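Every read-out reported here was derived from the displayed coordinates using simple, explicitly stated rules and does not represent laboratory data. Remember, predicted model here, so these are calculated numbers, not experimental data.
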Amino acid sequence: MKFNDGIFAAARRASGMTQETAASICGVSRPTYNLREGSPAEFHLGDLVALYSRMDGPGRKLLREGICSLFLPD
């Protein structure tokens, strides 16, 4: 499975979120969130939906790209 490395972190940063904030949105600890961000296949669908709903336009665009790269590889 090939995806754009770092795009999930870039989406978070583009929306001005810290890992602590993103972890809180997902309802997990920061270390758990960090693991998921580093290995995006570990994200739960609910995590991605919750993050998307709290992101701004540029963050949402990057998150969509990351999700497509993860689930719809070339």
Review point. Can you give the helix-only mean residue ellipticity at 222 nm for the chain, where every DSSP H stretch with n ≥ 4 adds -39500 (n - 2.57) and the sum goes over all residues, rounded to the nearest 500 deg cm²/dmol?
Key: -20000 deg cm²/dmol
Review point. Rounded, prolate or oblate: which fits the chain when a ≥ b ≥ c are the square roots of the eigenvalues of the alpha-carbon gyration tensor, with rounded for a/c under 1.5 and prolate only if a/b beats b/c?
Key: oblate
Check your understanding: Rounded, prolate or oblate: which fits segment 1-41 when a ≥ b ≥ c are the square roots of the eigenvalues of the alpha-carbon gyration tensor, with rounded for a/c under 1.5 and prolate only if a/b beats b/c?
Key -> oblate
